[in-house]
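Read-outs: derived from the displayed coordinates by stated rules, not from any lab. These figures come from a predicted structure and were not determined experimentally.
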Amino acid sequence: AQKVTQAQTEISVVEKEDVTLDCVYETRDTTYYLFWYKQPPSGELVFLIRRNSFDEQNEISGRYSWNFQKSTSSFNFTITASQVVDSAVYFCALNDYKLSFGAGTTVTVRA
Amino acid sequence: GAVVSQHPSWVICKSGTSVKIECRSLDFQATTMFWYRQFPKQSLMLMATSNEGSKATYEQGVEKDKFLINHASLTLSTLTVTSAHPEDSSFYICSASEFRRSNEQFFGPGTRLTVL
C-alpha cells in the first residue's frame, strides 16, 4: 500500500490562479515528518517545507502555504497567485522510519 | 549550509561498462547517505541506505552486486553501476543526513545516466 498518495497527477492553470496540491499519508508511527519538495525540469530537488507530527500549525511562506490535518492524515500545499516559474513536479514525502515519496504532481502554469 | 554535491552530473556509457557516481557532503559530516533512482515521469525510489564504515542496506528488489555502494568516509559515498545495461539508464540522486538531524535529508543535484 502506498504510504503517500498524491491523487492529482497533473494540474494546469493560468498565471495568477491559485493551485492546491493534495497529499494524504499513512503511518502507524506517532512521530513522523512530512515534507514537500519541488523538482523543476533541471531535476534537482528543492526543499520547500518540513513539518513534524506534533506541529499542526499551518504555515505560510510568501505565496506558499501548507495545511496539515492529522485527523485526515493530510498535508496539502497551496500556491497562491501562481507564476510560470512555479511549473515543476511537486512531491510530498513522509519520513517515519524511512523517507517515502508520493508519485508527484506536475504543475504547469501557463502565461 | 548542508550542501551535497554529485559527480558527474551526467554520464553516457556503453553497455557492459561500469560507472561510478560520487556523492559528497561539503559542509557537514554525513553519518548516513541514501541513494535513490528516478525513472522518467516517476517518483524517487530508495535503492539503499549506507552508514559510514558499514555495509549498505539495500531495498527489496535492488541487486547489491550490480549497484555497489561504498561509504568510506563521513563526506563521501560512491555508487558503482556494474556492467551497465540500457535499462539502468535513469536519474540517480543521493542524499545525506547528519547525526543530530537524522530526520532530515539533504539532496544532491542528481546524476543522469544513459547507457547505450
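Based on alpha-carbon atoms, the Kirkwood radius and the radius of gyration of chain A give Rg/Rh equal to 0.96. Of all lysines in the structure, those lying under 18 Å Cα to Cα from A:Lys3, and not within fewer than 8 positions of it along the same chain, are A:Lys70, A:Lys98. Which of the lysines could be linked to A:Lys16 by a straight reach, that is with a Cα gap under 22 Å, when you skip same-chain ones fewer than 8 residues away? List returned: A:Lys38.
With kT/(6 pi eta Rh) evaluated at 37 °C and eta = 0.692 mPa s, and Rh the Kirkwood radius from Cα pairs, the protein assembly as shown diffuses with a coefficient of 179 µm²/s according to Stokes-Einstein.
Within the range B:7-82, count lysine pairs with alpha carbon atoms under 19 angstrom apart where the residues are 8 or more positions apart or belong to different chains. Numbers along the way, then the final one.
Working: B:Lys14/B:Lys66; B:Lys20/B:Lys55; B:Lys20/B:Lys64; B:Lys20/B:Lys66; B:Lys55/B:Lys64; B:Lys55/B:Lys66.
Summing the qualifying lysine pairs gives 6.
The fraction of Cα-Cα pairs per 10 angstrom bin, counted from 0 for chain B, comes to 15, 50, 30, 5, 0 percent, rounded to whole percents.
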